[in-house]
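Single-structure report; data block below.
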Amino acid sequence: MHLPFEHVVVLDFEATCQPGAAPVPQEVIEFPSVLLALAERRVIDSFEAFVRPVHHPTLTAFCTELTSITQAEVDAAAPFPEALARHQAWLAGHGLLAREGAFAFVTCGDWDLATLFPGQCAAAGIDLVKLPRAYRRWINVKEVFKASGRRAKTLGMVSMLASLGLELEGRHHRGIDDCRNIARIVLALAALGSRFDITARLPSSQYPELPLELRWQGRSESVVLRRRGLATLLGLASGAFHSKMTQAFVADGPPLDDDALCELAPGTIVRMVAAKDEA
Ligand code: AMP
Ligand code: MG
Ligand code: MG
């Protein structure tokens, strides 16, 4: 059986919260993961860490009620940069950071890696673009569930479990228990033949501005790409060279697409191709 990823890592953050709008910045208070071997459909290992919030160090009663995580637990924990370093060391210890694409994260919804993680990295002064790429693209198990054609009352974790004939185990909204339950959904869907492909990527708005060197017909232009999208790059290059640009290449790679463009290093040389080159 061909699998896009042999291994997936279920990730489910818990964060500071209160009734209504989330605190700003919203900070991670639990950073748990469960590593799965998809082909063998088994749990290999798990990772647990509480995290001490530094911007809003006092948990609300609402937050402890929701997650069961206590003030004493976060007070005794390391702050986010240390937890993230430990998480990466754990991934590396399983050989998952040795090559890009060795694994993908699975989350329940897009909030964990599209919203909370980028905000937490920014608040902690961590450059998200320098982290392993796995933290910038992921599999939302809700999309895999939808594609399986199964019905559930909602796309919440508990409804998906019920639809698969599974009961909630442990404490809902405790990160490690949520990870274990999401892992059970993943394994059940895998047993039914679901494929686990990337379903979401870090929004281009979360990437910093990108300086690039554009080359076309022996000419060179330095530009700064504000939004990392191919259409934006083609528009910028068309203006810079006064000719309608249709494609962009780095070295002798394939034509750049939105995904590859997001991951370019600052200062990369990009070769442009214009409509009239192709005529
Ligand atoms: P979950 O993975 O569903 O346990 O939720 C992750 C985080 O989202 C929690 O740690 C809270 O910070 C926040 N959250 C979840 N449900 C609520 C809620 N009903 N009200 C406020 N925040 C919530
Ligand atoms: Mg969650
Ligand atoms: Mg949770």
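The values are calculated or read from the model by the stated rules, or taken from the named source; none is laboratory data. Here the structure is a predicted model, which is why all the values come from computation and not from measurement. In this analysis, Cβ positions are derived from the backbone assuming ideal geometry, glycine residues included, and neighbour counts consider all displayed protein chains. Side chains included, ligands, DNA and RNA excluded: accessible areas come from the protein's heavy atoms. Shrake-Rupley method; radii C 1.70, N 1.55, O 1.52, S 1.80 Å.
If only residues of the range 174-214 that are polar (S, T, N, Q) and open to solvent by 20 Å² or more (accessible area, probe 1.4 Å) are counted, the one that is farthest from Asp259 (Cα to Cα) is Ser194.
Table: residues versus (1) surrounded by fewer than 18 Cβ atoms within 10 Å (Cβ to Cβ); (2) more than 22 Å from the chain's Cα centre (by Cα).
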| site | (1), (2) |
| --- | --- |
| Cys121 | no, no |
| Gly125 | yes, no |
| Ile139 | no, no |
| Val144 | no, no |
| Gly149 | yes, yes |
| Gly156 | yes, no |
| Ser159 | yes, yes |
| Gly165 | yes, yes |
| Arg171 | yes, yes |
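Taking only the range 40-69 into account, find how many residues are more than 16 Å from ligand 2 (Cβ to nearest atom), over 20 Å from Gly125 (Cα atoms) and touching a strand residue (DSSP E or B) at 6+ places or on another chain (Cβ under 9 Å). So the answer is 5. Got at least one residue in the range 80-94 being touching a residue at least 60 places away in the same chain (Cβ under 8 Å) and open to solvent by less than 60 Å² (accessible area, probe 1.4 Å)? Yes.
Regarding the range 155-163, can at least one residue be identified that is aliphatic (A, V, I, L, M) and in a loop (DSSP other than H, G, I, E, B)? Looking through the range 155-163, at least one residue is aliphatic (A, V, I, L, M) and in a loop (DSSP other than H, G, I, E, B). Against the test of being polar (S, T, N, Q), part of a loop (DSSP other than H, G, I, E, B), away from ligand 3 (no atom under 16 Å from the Cβ) and out of contact with any Pro (no Cβ under 6 Å at 6 or more places or on another chain), the options Ser220, Ser243, Ser238 yield a single qualifying residue, Ser243. Looking only at residues in the range 255-279 that are small (Gly, Ala, Ser) and touching a strand residue (DSSP E or B) at 6+ places or on another chain (Cβ under 9 Å), the one that is farthest from Gln217 (Cα to Cα) is Ala265.
Restricting attention to the range 39-72, and to residues there that are β-branched (Val, Ile, Thr) and open to solvent by less than 10 Å² (accessible area, probe 1.4 Å), which single residue is farthest from His172 (Cα to Cα)? Residue satisfying both the conditions and the ranking: Val51.
Quick one: would you say Arg151 is closer than 25 Å to Leu97 by Cβ and either outside any helix (DSSP H, G or I) or modelled with pLDDT of 95 or more (or both)? Against the criterion (closer than 25 Å to Leu97 by Cβ and either outside any helix (DSSP H, G or I) or modelled with pLDDT of 95 or more (or both)), Arg151 does not qualify. Val186 passes every criterion in (1) assigned to a helix (DSSP H, G or I); (2) touching a Pro at 6+ places or on another chain (Cβ under 7 Å) apart from (2).
All conditions but one from (1) within 13 Å of ligand 3 (Cβ to nearest atom); (2) touching a helix residue (DSSP H, G or I) at 6+ places or on another chain (Cβ under 6 Å); (3) among the basic types (Lys, Arg) apply to Lys153; the one that does not is (1). If the condition is being away from ligand 3 (no atom under 16 Å from the Cβ) and surrounded by 22 or more Cβ atoms within 10 Å (Cβ to Cβ), then the range 6-33 contributes only Val8. State whether the residues of the range 270-278 include one that is over 25 Å from Leu202 (Cα atoms), among the hydrophobic types (A, V, I, L, M, F, W, C) and exposed (fewer than 12 other Cβ atoms within 10 Å of the Cβ). Within the range 270-278 (the criterion being over 25 Å from Leu202 (Cα atoms), among the hydrophobic types (A, V, I, L, M, F, W, C) and exposed (fewer than 12 other Cβ atoms within 10 Å of the Cβ)), the answer is no, since none of the residues qualifies. If the condition is being under 30 Å from Leu189 (Cα atoms) and outside any helix (DSSP H, G or I), then the range 111-147 contributes Leu131, Pro132, Arg137, Trp138, Ile139, Asn140.
If you go through the range 24-50 and keep only what is within 11 Å of ligand 1 (Cβ to nearest atom) and over 15 Å from Trp111 (Cβ atoms), you end up with just Pro32. Determine whether Thr16 is polar (S, T, N, Q) and closer than 20 Å to His172 by Cα. Considered against the rule, which asks whether it is polar (S, T, N, Q) and closer than 20 Å to His172 by Cα, Thr16 comes out as yes.
When Leu36 is tested against (1) among the aliphatic types (A, V, I, L, M); (2) more than 16 Å from ligand 2 (Cβ to nearest atom); (3) farther than 25 Å from Glu263 by Cα; (4) open to solvent by 20 Å² or more (accessible area, probe 1.4 Å), just one condition goes unmet, and that condition is (4).
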